[in-house]
Each structure stands twice: as C-alpha cells, then as structure tokens.
Amino acid sequence: MSTRVRSFSKINLGLAIGPVRGDGFHALTTMYQTLALHDVVTVSAKRAAVTAISLTTNDARVPVDGRNTAWKMVAGCLARLGMAAEVEVHIEKRLPVQGGMGAGSANAAAALLGLERELGVALGEAERLELAATVGSDVPLFLIGGAVLGVGRGELVTSLRDFAAIPCVVAVPGVGVSTPAAFRDWDAVVARGERFARGANAHLSDDGTVAKMGHPELEAGGTLTSAGIRDRLEELSLVYSSLSVRTESVKAGSAKTGVVEPGASGIVRGDLPEWDLGNKQGSSDRDQDGMLDDLAENALLALVRTGIGDGLQNDFEAVVFPQYPSLRETKRQLMGSDSGSPALYAALSGSGSALFGLYRSMADARAAQQRVQASGVEALLTATLPRDDYWRRMFAE
Ligand SMILES: C[C@](O)(CO)[C@H](O)COP(=O)(O)OP(=O)(O)OC[C@H]1O[C@@H](n2ccc(N)nc2=O)[C@H](O)[C@@H]1O
Ligand SMILES: Nc1ncnc2c1ncn2[C@@H]1O[C@H](COP(=O)(O)OP(=O)(O)OP(=O)(O)O)[C@@H](O)[C@H]1O
C-alpha cells in the first residue's frame with residue numbers, strides 16, 4: 001500500500017522584501033496563490049522498531065538524503081509523534097527545480113500529508129504549521145492552499161478569501177536562480193541606495209527603477225529607515241487582505257457571481273475546476289474558450305486590476321532581470337501588450353526563474369503560451385487552484 005499525493009505549486013502574486021532580521025532571514029510580505037501544476041509524491045510507511053527513511057526521484061538534481069525537504073519533513077513528523085517507522089518516499093518531478101514555484105516546499109507538505117495518512121495519525125494544526133516552518137519559509141502555505149497571505153519570513157500564513165480558477169501560463173526559462181543569492185543581491189542594491197524595500201505606494205518602473213510615488217521621505221531625497229520599511233510591509237499586508245475583501249464586495253453586487261468564502265470552492269460555475277491543467281503538457285480535451293463572460297467577473301482578475309497600483313509586484317525582478325535580461329523579454333511575451341491576447345498581469349514568481357501570466361480566457365492563455373514557446377522558452381498552460389480544489393484533488397487515485 002502507498003499514498004500518492006499531488007504536490008501543487010505556487011506563484012507569488014506580489015512580493016515585497018524588507019530588512020534582514022537577526023536570524024539572517026528577510027522580513028517579507030507576499031501574496032501566494034496555488035497552481036494546478038504539480039509533482040507527485042508517493043509515500044509508503046509502516047511502523048517499525050527503528051526509523052529508516054529512503055527517498056527516490058526521477059530528477060538527478062534533487063537530493064535523496066537528509067537535505068531533501070520531504071525527508072526533513074518525514075523525520076520531523078516522526079520525531080514529534082515519538083514514533084519509529086520505515087518510510088519510502090518517491091518524488092516524481094514535473095515542476096522546475098529552483099524555479100521559484102515552491103516545488104521543494106510543496107514536496108515537503110505532500111510528504112507530511114502522505115505519511116500521516118499511511119500511519120493513520122495526524123499532528124495538530126498548529127504543530128503541523130510549526131514543523132513546516134522549520135523545513136522552509138514556503139512550506140506552511142501548502143498546508144493552507146488557495147490565496148494565502150505570507151508575512152514574517154513568509155512562514156506566517158493566513159488564508160485570504162479565495163478566488164475562482166483563472167487561466168495561467170508559466171514560462172520556464174532554462175536557468176535556475178538561487179533564492180539565498182537573490183536575497184543577497186537585493187541587500188546589495190538596497191545598501192547602494194539604488195532601491196528600497198517598497199510598499200503599497202511605490203512602484204517599480206519597467207527598467208526596474210523604483211518610482212518614489214507617494215513617499216514623502218523618498219521624494220525629499222531621503223532614505224527609508226528599517227522601521228519605515230517594516231511599516232511599509234505591514235501596510236502592504238493590509239492592502240493584500242483588503243484587496244481580496246474589496247473584490248468580493250464588487251462581486252457581491254453582481255447577480256451573476258457568488259461570494260466565495262474562505263475554504264469554500266472559490267468556483268463560480270461548476271465547469272471551471274474540471275480543467276485539469278496539472279500535467280506537464282497542460283492539455284485539456286474540453287473547449288474552454290467560451291468562458292470569457294464568467295472570467296470577466298472573476299474576483300482574481302478584479303484583484304489584479306485594482307492590485308497592481310497597490311503593490312502587486314515582485315521586488316525580486318529588480319535584481320533578477322538585470323542578471324538574466326532574457327527573463328524581462330519573456331515577461332514581455334507573457335504580457336503580450338501589443339497582441340490580441342494580452343495578460344492581465346505577468347510577473348516573476350518568487351526569486352524565479354519561472355514567470356507567470358494570468359489571462360482572461362483559455363484562448364488568450366494558449367496564444368501567450370505560443371508566443372513564449374516561439375522564442376524557444378518552455379511554457380506550461382495551467383490554472384490557479386482555489387483552496388477547495390487544492391484539497392479535493394490532493395490525494396491522487
Ligand atoms: C522566494 C520565496 O520563494 C518567495 O515565496 C521564499 O521567500 C523562499 O522560501 P524557501 O525557498 O522556503 O526559503 P528557505 O528554505 O526558508 O530559505 C532559503 C534561504 O533563502 C533566504 N531567505 C528565505 C526567506 C526569507 N524570508 N529570507 C531569506 O533571506 C535565506 O538565505 C535562506 O537560507
Ligand atoms: N524535494 C525537493 N525538490 C526539489 N529540490 C529540492 C528538494 N529538496 C531539496 N531541494 C534542493 O532545493 C533547491 C531548490 O529547490 P526548489 O525547486 O524548491 O526551488 P524553488 O522552486 O526556487 O523554491 P522556492 O519557490 O521555495 O524558492 C534545489 O536546488 C535542491 O537542491
């Protein structure tokens with residue numbers, strides 16, 4: 001017997017980096033959103049006198065020892081339960097490694113859920129989140145799913161009001177970006193005074209320069225203090241939370257769409273979740289192109305429209321794009337501003353190198369996928385994954 005768990009990925013709809021903390025991590029505020037694209041983690045476990053963990057994978061870049069996030073999670077869970085077991089974990093990699101899609105973090109969460117099911121035990125909710133945070137800053141979000149606010153170093157997570165699924169294209173450039181290196185690069189540009197950790201009213205212009213809009217301290221030529229930056233992060237977390245509430249109140253005024261409660265399906269019409277765009281090809285038998293009207297009312301689209309001015313951007317672009325200029329070009333292709341199928345929003349995910357675009361319809365998403373592929377960059381067609389679907393589809397047959 002074994003348990004197969006879909007290990008879904010995430011994107012960061014917005015991400016603002018703050019100062020380095022005493023523990024070496026950076027304060028940050030981010031809005032996570034889970035995606036249907038996934039790895040598959042298979043766990044088999046039985047109680048034993050002595051713990052023995054073994055791990056296999058189809059991807060040579062993934063460590064198969066105690067450095068693996070899934071291994072760390074299994075060992076940590078058994079230690080907390082005071083239980084010994086023989087555990088075998090297999091990770092079928094479909095997601096990019098070092099892609100900024102939280103793949104390794106999601107593998108850890110999936111391994112925990114598979115292990116609990118195999119052994120017929122469960123940690124308490126708080127203990128799970130606490131264990132997840134010891135494995136990585138991005139792991140706790142995968143114990144919530146859907147739209148998630150992340151603060152602290154990203155590990156303090158709160159479920160936001162969920163959004164109906166929306167077509168998404170993920171571009172997978174052939175480079176890996178090291179997350180610690182990207183944070184260090186950010187520190188260097190901040191130290192040189194070229195950038196500051198921005199908040200709700202500041203904007204990165206297309207060339208990555210920070211506009212000093214609505215920031216008296218900077219407009220006067222001053223620099224932000226650490227406390228000032230922290231205030232901006234707090235302000236941004238309020239903005240993310242209020243954006244999801246604001247878009248819901250817009251929807252509540254529409255007879256066509258329903259209000260989506262946290263933990264509820266987030267699905268306006270029954271046919272949206274049947275897109276199964278979690279496979280590598282992103283193929284689907286269904287013709288989804290008639291969904292334009294429903295999608296036009298989608299709360300996530302409303303958030304993207306209203307949110308960009310309010311800080312829905314990723315600070316990492318300012319350090320990653322200058323190092324990998326081709327990524328800026330890929331973002332332009334995802335955006336497709338001059339095409340008939342423009343993105344509503346496109347950005348780097350996490351520290352990259354994956355980029356994503358969100359689209360009004362599957363037809364627009366397919367056109368964007370073709371634009372990116374025509375330039376020789378792999379592009380996957382997928383959809384955002386609301387919380388209810390996240391949990392409903394997690395355990396594979
Ligand atoms: C870039 C993001 O993916 C955005 O969602 C995350 O912030 C990264 O999360 P993650 O991969 O789970 O990161 P962790 O495994 O916790 O940390 C890896 C390394 O990234 C840096 N790190 C990570 C998170 C954070 N808030 N500040 C940091 O400085 C640290 O050098 C740390 O040693
Ligand atoms: N289960 C795992 N899957 C993939 N990589 C792992 C795993 N465990 C440890 N690693 C190591 O972690 C590194 C980064 O992995 P991952 O693919 O999660 O990066 P990422 O997508 O950039 O994550 P994030 O979005 O959290 O920054 C890899 O280079 C690999 O050496």
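The values are calculated or read from the model by the stated rules, or taken from the named source; none is laboratory data. The structure presented is a predicted model; accordingly, all values stated were derived computationally and were not measured. Backbone-built Cβ (ideal geometry, glycine too); neighbour counts: all protein chains shown.
Within the range 9-44, can you find the residues that are under 19 Å from ALA109 (Cβ atoms), among the small types (Gly, Ala, Ser), more than 12 Å from ligand 2 (Cβ to nearest atom) and touching a Gly at 6+ places or on another chain (Cβ under 8 Å)?
Across the range 9-44, the qualifying residue is only ALA36.
Please name all residue pairs, on different chains or six or more residues apart, with Cβ atoms under 8 Å, provided the first residue is in the range 91-105 and is under 23 Å from LEU115 (Cα atoms) and the second residue is at pLDDT below 90 and near ligand 2 (Cβ under 6 Å from one of its atoms).
ALA103/VAL97; GLY104/VAL97
Can you name the condition, by its number, that GLY24 falls short on among (1) under 26 Å from LEU78 (Cα atoms); (2) within 16 Å of ligand 1 (Cβ to nearest atom); (3) not in a strand (DSSP E or B); (4) not acidic (Asp, Glu)?
The failed condition is (1).
Tell me which residues, restricted to the range 346-362, are of a type in the set (Gly, Ala, Ser), modelled with pLDDT under 95 and out of contact with any Phe, Trp or Tyr (no Cβ under 7 Å at 6 or more places or on another chain).
Answer for the range 346-362, where residues must be of a type in the set (Gly, Ala, Ser), modelled with pLDDT under 95 and out of contact with any Phe, Trp or Tyr (no Cβ under 7 Å at 6 or more places or on another chain): just SER361.
Of everything in the range 68-90, what is within 16 Å of ligand 1 (Cβ to nearest atom) and either closer than 30 Å to GLY174 by Cβ or within 19 Å of the chain's Cα centre (by Cα) (or both)? Give them in sequence order.
ASN68, THR69, ALA70, TRP71, LYS72, MET73
Quick one: in the range 146-161, of everything that is among the small types (Gly, Ala, Ser) and assigned to a strand (DSSP E or B), which residue is nearest to ligand 2 (Cβ to nearest atom)?
GLY150
Looking for whichever is more than 10 Å from ligand 1 (Cβ to nearest atom), at pLDDT 95 or above and either under 22 Å from ALA354 (Cα atoms) or touching a strand residue (DSSP E or B) at 6+ places or on another chain (Cβ under 9 Å) (or both) here; the options are GLU118, GLU130. Which one fits?
Result: GLU118 is the single residue among GLU118, GLU130 that is more than 10 Å from ligand 1 (Cβ to nearest atom), at pLDDT 95 or above and either under 22 Å from ALA354 (Cα atoms) or touching a strand residue (DSSP E or B) at 6+ places or on another chain (Cβ under 9 Å) (or both).
Residue-wise test of (1) of a type in the set (Phe, Trp, Tyr); (2) in contact (Cβ under 8 Å) with a residue 40 or more places away in the chain.
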| position | (1), (2) |
| --- | --- |
| PRO325 | no, no |
| SER361 | no, yes |
| ALA367 | no, no |
| ALA379 | no, yes |
| PHE395 | yes, yes |
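Among the numbered criteria (1) within 13 Å of ligand 2 (Cβ to nearest atom); (2) aliphatic (A, V, I, L, M); (3) in contact (Cβ under 8 Å) with a residue 12 or more places away in the chain, which one does VAL64 miss?
(3)
Has the range 380-396 got at least one residue that is at positive phi and not polar (S, T, N, Q)?
No, the range 380-396 contains no residue that is at positive phi and not polar (S, T, N, Q).
Taking the range 309-352 as the search range and keeping residues that are within 22 Å of SER237 (Cβ to Cβ) and of a type in the set (Phe, Trp, Tyr), which one is farthest from ligand 2 (Cβ to nearest atom)?
In this case the residue turns out to be TYR345.
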